[in-house]
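Any read-out appearing in this document is the output of simple, stated calculations on the displayed coordinates, not a laboratory observation. If you're wondering where the values come from, they're calculated on a predicted model, not measured in any experiment. Backbone-built Cβ (ideal geometry, glycine too); neighbour counts: all protein chains shown.
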2 protein chains.
Amino acid sequence: MRFEVLILGNSSATPMYERHPSSQVLNFNEQLFLIDCGEGTQMQLFRYGIKSNKISHIFISHLHGDHYLGLVGLLSSMNLSGRKNELHLYAPLALKEILYMQFKHSDTVLRYDLIFHSTNAEEPGIILQTKMLTVTTFPLKHRIPTTGFRFDEGKRSASLIRERIEKLKIPTVVLSQLKRGIDYTDTNGKLYKASELTLPAPRSRSYAYCSDTRAFESYVSVIRDVDLLYHETTFLHEMVERAKETFHSTSLEAAEVALQVGASKLLMGHYSARYRDLTPLLTEAKSKFSDAQLSEEGKWYLV
Amino acid sequence: MRFEVLILGNSSATPMYERHPSSQVLNFNEQLFLIDCGEGTQMQLFRYGIKSNKISHIFISHLHGDHYLGLVGLLSSMNLSGRKNELHLYAPLALKEILYMQFKHSDTVLRYDLIFHSTNAEEPGIILQTKMLTVTTFPLKHRIPTTGFRFDEGKRSASLIRERIEKLKIPTVVLSQLKRGIDYTDTNGKLYKASELTLPAPRSRSYAYCSDTRAFESYVSVIRDVDLLYHETTFLHEMVERAKETFHSTSLEAAEVALQVGASKLLMGHYSARYRDLTPLLTEAKSKFSDAQLSEEGKWYLV
C-alpha cells in the first residue's frame with residue numbers, strides 16, 4: 001500500500017534557484033493529500049503529473065504567503081476544469097475570509113463543495129479519522145498561529161503466503177478472515193491455522209510535517225516514533241540567533257528533534273534563499289542524525 | 001533608448017505546458033514596469049534575471065486570479081529583500097482590500113511605500129505622465145471590470161550627426177540646443193543650422209496591452225496607431241461562441257483589431273490551455289494581419 005510524499009516546493013519565503021515555496025503531495029493508498037500550497041503549486045502539480053482533481057484534502061500550516069498563496073489559483077483551476085468531487089480544506093480560520101473575498105471580486109462561484117475545517121493552533125487534536133488513517137494537527141511555534149500535521153496509518157492486516165494458499169487450494173472467500181488472524185476449517189473438518197498461512201502484519205507507518213517552527217517546543221511529544229519526519233531546516237546553526245528571531249529551525253536543531261523523538265528518517269526543507277548549495281545543511285544534520293536527507297523538488301520519498 | 005517588453009507569462013486562466021499566467025515587464029529607458037502579475041511572477045522574474053526591486057510601477061488589468069495572484073508574494077519578497085524605494089500600483093480598487101487583508105493575517109508590515117492608484121473601468125484616462133512617457137488606461141470588455149494600458153513615449157529629440165559635429169568642432173555645451181532644433185552661432189558669427197547637423201527626431205513609439213477582453217469594443221479608438229499591440233488571442237475563431245460567452249477574443253478578431261487601428265505589429269498571448277501547439281493561432285492571425293507574432297515566455301519584443 002503506497003505511503004509516500006512528493007516534494008513540490010522546499011524554499012523558504014523568498015523562492016530562489018528554481019526552488020518553489022512550500023507544498024507537497026502525500027499519496028496514501030492512492031488518496032492524495034496536499035500539504036501547504038505555496039505560490040506556483042498548480043504549475044508544479046502539472047509538471048510532476050499530479051491530477052489536481054484527485055486531491056481530496058488540503059492542509060495549510062499557517063498564513064505566511066509562501067505556504068498558501070497558490071491556493072486561490074489551484075481552487076479556481078479545479079473549478080475551470082470541471083471538478084465535481086468535494087474538497088476538504090484544513091487551515092487557520094482567517095483563510096476562509098481571504099479565499100471568499102477573492103472569489104467575490106473575481107466573480108468565481110465554485111461548482112464543487114469546498115468544506116472548510118478550521119485548525120486549532122492552541123492544542124493538538126485529531127482532524128480526520130478513517131479506518132485506514134488518522135490525521136492529527138498540533139501547535140508549532142512560529143510568528144503567527146501555525147500547526148503541524150501527523151498522518152498515522154491504521155492497523156495493517158497480515159499478508160498472505162500466496163504459495164501455501166495456492167498449494168492448499170484455500171477458497172478465496174476465506175482469505176480476508178485469515179488476514180485478520182481467524183483460522184479456517186474446511187467442510188471435511190480440517191483446520192488451517194491463520195498463523196501458518198500469513199506473515200505478521202507490518203507495522204503501521206507514520207509521517208509528520210513540521211514547518212514553520214522553532215525547534216524543540218511542545219510538539220515534540222506529538223511526533224514521537226514517527227517514521228518519516230519532514231522538519232524545516234531554514235538555516236545553518238551558525239545562524240541560530242536569526243533562527244530564533246524569525247521562529248525557524250537550524251539544520252542541527254531539526255536533526256536533534258529527529259533524534260529525540262526517535263524518528264526513522266528526517267527529510268529536510270524550507271531552505272533559506274541564502275543557500276544556493278545545500279550540502280552544508282545536510283552535513284550539519286547528518287553530524288547529529290545519520291538518516292537525514294535533503295528533500296528535492298519532484299522526488300517521491302517513502303514513508 | 002530602450003522600449004521593449006519581456007513576456008513572463010502568456011497562459012490563460014489554467015496554466016499548462018510550462019506556460020505561466022499573465023505577466024510582462026516593460027523596459028522603458030531602463031525604467032521597469034510590470035503589467036499584470038499572475039501566480040509565479042516572482043519566480044519568472046528571477047528566472048529571467050529581472051531584479052524585482054528595480055520595478056517602479058505595477059499595472060493590474062483586472063481581478064481574475066491569473067492576472068494578479070502573484071502580487072502578494074512579489075510584494076512580500078520585495079519587503080524581505082529590503083526594498084526601500086516606493087512602488088506605484090495601478091489596479092481596481094478592490095485589490096487594496098485583498099492585499100491588506102493578507103498582509104494583516106501574515107503579520108506583514110511593508111517597509112517601503114506602496115502607493116495605490118485605483119483604475120477606472122468606466123472611461124479612459126491618463127494615469128501617469130512624465131516628460132518621457134504617458135500611460136493611459138481604458139475600459140476593456142470582460143466579465144468583471146477590466147482596463148487596458150497604453151504607453152506613449154514623449155516627444156523624442158533629433159539625433160546628432162556625429163561626424164559633422166566632430167569635423168566642425170561644435171562645442172559640447174550647445175549639442176542639446178541643436179537636438180531641440182535651435183541653430184548655433186559661434187563667437188565669430190558663423191551660423192550652424194541645426195537642420196544640417198541633426199537627423200529628424202524619430203517618431204515616438206507606443207505600446208498597448210489589451211487583456212482580457214472581447215474584441216472590437218470602444219477601446220479601439222484609444223489604441224489607434226499603436227506600434228506594438230499586445231492583444232489577447234485566447235481561442236481560434238472556430239471557438240468564437242465560447243469567446244463571446246467568456247468575454248475573450250479569437251486570434252482572427254485580434255488580428256482584425258490590429259488592422260483596424262493601424263498597429264505596426266501584433267503580439268499574441270493569453271492562450272487557452274486547450275492549445276498545446278500554438279501554430280494554428282498564428283496562422284489564423286496572419287491570414288488577416290501579416291505582422292502578427294506569438295509571444296513566447298522569456299523573450300523580449302521591441303516596441
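Tabulated data for the structure shown
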item: Rule-of-thumb Rg ratio for the protein assembly as shown [Cα; 2.2 N^0.38 Å; N residues]; result: 1.20
item: At R0 = 51 Å, FRET efficiency that the Cβ-Cβ distance of B:Leu259 and B:Ser195 yields, to 0.05; result: 0.90
item: Table column - 3J(HN,Hα) (Hz), the range B:6-22, Karplus curve with 6.51, -1.76, 1.60, x for Gly and Pro; result: 9, 8, 9, x, 9, 8, 7, 3, 9, x, 9, 6, 6, 8, 9, x, 4
item: Set of aspartates and glutamates near B:Lys265 by C-alpha distance (under 18 Å), chain-local residues within fewer than 8 positions excluded; result: B:Glu4, B:Asp152, B:Glu153, B:Asp225, B:Asp227, B:Glu232, B:Glu253, B:Glu256, B:Glu284, B:Asp291, B:Glu296, B:Glu297
item: Cut-off under 5 Å, modelled amide H: who pairs with B:Leu140 long-range; result: B:Thr146, B:Thr147, B:Gly148
item: For the range A:48-126, radius of gyration divided by Kirkwood radius, i.e. Rg to Rh on alpha-carbons; result: 0.96
item: For q = 0.15, 0.16 Å⁻¹, Debye-computed log10 I/I(0) when each Cα of chain B counts as one equal scatterer; result: -1.10, -1.22
item: The range A:121-207, dipole about Cα centre (Lys/Arg Cβ +1, Asp/Glu Cβ -1), debye to the nearest 20; result: 200 debye
item: Cβ-defined net charge surrounding A:Phe28, 15 Å radius [Lys, Arg +1; Asp, Glu -1]; result: +2
item: Chain B: most fluctuating residue of B:Ser61, B:Ser195, B:Ser204 per GNM, C-alpha cutoff 10 Å; result: B:Ser195
item: Relative contact order of chain A, defined on C-alpha pairs under 8 angstrom at six or more residues apart (%); result: 16 percent
item: Rg(Cα)/(2.2 N^0.38 Å) for the range A:159-199, N = residue count; result: 1.00
item: Under 21 Å from A:Lys141, Cα to Cα: lysines that are on another chain or at least 8 residues apart; result: A:Lys244, B:Lys104
item: Cβ charges +1 (Lys, Arg) and -1 (Asp, Glu), total dipole of the range B:159-199, debye; result: 60 debye
item: Size of charge dipole - the range A:207-255 - debye, nearest 20, with Cβ of Lys, Arg +1 and Asp, Glu -1, no other charges; result: 60 debye
item: 3J(HN,Hα) from dihedral phi, the range A:241-250, Karplus parametrisation 6.51/-1.76/1.60, rounded to Hz, x for glycine, proline; result: 5, 5, 4, 5, 4, 9, 6, 10, 10, 8
item: Distant-in-sequence amide H partners of A:Leu133 (H built 1.01 Å from N, under 5 Å); result: A:Gly154
item: Phi-based couplings in Hz for the range A:170-179 (Karplus 6.51, -1.76, 1.60; Gly and Pro marked x); result: 5, x, 4, 4, 9, 4, 5, 5, 4, 4
item: Degrees separating the helix A:251-261 axis from the principal Cα axis of chain A, which is the longest one; result: 30 degrees
item: Shortest-first nm distances, A:Asp186 label point to equivalent points in other copies (7 Å, Cα→Cβ); result: 12.1
item: Cross-link partners of A:Lys179 among lysines (Cα-Cα below 25 Å; sequence separation of 8 or more within a chain); result: A:Lys131, A:Lys155, A:Lys167, A:Lys169, A:Lys190, A:Lys193
item: Where rotation carries A onto B, the chain A residue whose Cβ is nearest that axis, in whole Å; result: A:Gly40, 2
item: Within chain B, helix-based [θ] at 222 nm, where runs of 4 or more DSSP H residues each add -39,500 (n - 2.57), nearest 500; result: -6500 deg cm²/dmol
